[in-house]
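The values are calculated or read from the model by the stated rules, or taken from the named source; none is laboratory data. In this text, all values refer to a predicted model and were calculated from it rather than measured experimentally. We place every Cβ from the backbone using ideal geometry, glycine too, and count neighbours over all the protein chains shown.
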Amino acid sequence: MTNSISIVGLGHMARALAGRALAGGNTVELVGRDQAKAKELAATLGGATVGTYGTAPAGDLVILAAPYAGAVAVVREYGDALRGRTIVDITNPVAPDLRGFVVPRDSSGAQEIAGAAPGDAHVVKAFNTVFSHVLASETAEGRPLDLDRPLDVFIAGDDAQAKARVSEFVESLGLRPWDTGELFMARALENVGLMELGLMKNSVKHVNFSLGITLLG
């Protein structure tokens with residue numbers, strides 16, 4: 001089944017997700033404040049369209065690929081244009097010093113975004129534990145990664161239908177979705193994102209790795 005995707009953001013994750021989405025047979029709309037940059041990225045990828053920032057997205061799935069620092073503001077700017085959409089939050093609200101988060105202790109980035117979204121929009125946390133280099137299946141030097149299994153994508157959300165739609169999209173990318181529960185579990189997933197940054201800084205020393213599930217027996 002073809003999924004209709006709008007990606008708000010023009011950075012590394014937006015590029016990686018758009019490339020895999022197009023390869024998986026999905027339709028992709030790229031949206032950013034810089035229209036010229038959006039058109040340049042679309043031309044590089046081939047097959048993507050370019051939307052107008054702030055207007056109703058073309059996609060049923062809206063991937064919020066902006067940094068968390070501006071993510072809530074983006075959702076508020078869009079306002080009712082996001083009514084009825086599934087919003088995929090890929091952000092990690094990590095403090096600059098990597099010692100915590102920039103959201104309240106009893107919340108998460110995804111929950112803050114959900115609070116800013118229209119009431120009939122559904123927020124699903126996903127992709128925040130996969131680095132863009134790995135998602136693009138290339139090393140920093142451009143060589144294909146040697147993967148012995150699909151990459152794992154952990155998701156969380158309160159609406160079962162929205163999670164099923166995101167899971168279907170994840171599978172179209174050749175990845176494995178794992179449902180971790182309701183949206184409050186985004187707090188745990190964002191902690192995993194922080195742990196990965198700790199691994200990158202202190203032991204692994206690069207971003208060409210992923211965390212996943214190995215089923216035993």
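Mind checking whether some residue in the stretch 149-161 is surrounded by 15 or more Cβ atoms within 10 Å (Cβ to Cβ) and modelled with pLDDT under 95? It would help to see each step written out before you state the result.
Of all residues in the stretch 149-161, those surrounded by 15 or more Cβ atoms within 10 Å (Cβ to Cβ) come to 151-159.
In the following step, the residues that additionally are modelled with pLDDT under 95 were identified as 151.
Within the stretch 149-161 (the criterion being surrounded by 15 or more Cβ atoms within 10 Å (Cβ to Cβ) and modelled with pLDDT under 95), the answer is yes, since at least one residue qualifies.
Residues in the stretch 85-96: is at least one touching a Leu at 6+ places or on another chain (Cβ under 7 Å), surrounded by fewer than 16 Cβ atoms within 10 Å (Cβ to Cβ), in contact (Cβ under 8 Å) with a residue 24 or more places away in the chain and not hydroxyl-bearing (Ser, Thr, Tyr)?
No, the stretch 85-96 contains no residue that is touching a Leu at 6+ places or on another chain (Cβ under 7 Å), surrounded by fewer than 16 Cβ atoms within 10 Å (Cβ to Cβ), in contact (Cβ under 8 Å) with a residue 24 or more places away in the chain and not hydroxyl-bearing (Ser, Thr, Tyr).
What single numbered condition from (1) within 15 Å of the chain's Cα centre (by Cα); (2) assigned to a loop (DSSP other than H, G, I, E, B) fails to hold for Pro118?
All conditions pass for Pro118, except number (1).
Taking the stretch 193-211 only, how many residues are within 17 Å of the chain's Cα centre (by Cα), more than 16 Å from His133 (Cβ to Cβ) and surrounded by fewer than 15 Cβ atoms within 10 Å (Cβ to Cβ)?
0
Among the helices (runs of 4 or more DSSP H) confined wholly to the stretch 1-78, which include 3 or more residues that are under 18 Å from the mean Cα position of the chain (by Cα) and under 20 Å from Ala126 (Cα atoms)?
12-23, 68-78
I'm trying to understand the selection: among the residues of the stretch 179-214, which are under 13 Å from Phe127 (Cβ atoms) and out of contact with any helix residue (DSSP H, G or I) (no Cβ under 9 Å at 6 or more places or on another chain)?
Those that are under 13 Å from Phe127 (Cβ atoms) and out of contact with any helix residue (DSSP H, G or I) (no Cβ under 9 Å at 6 or more places or on another chain): Val192, Gly193.
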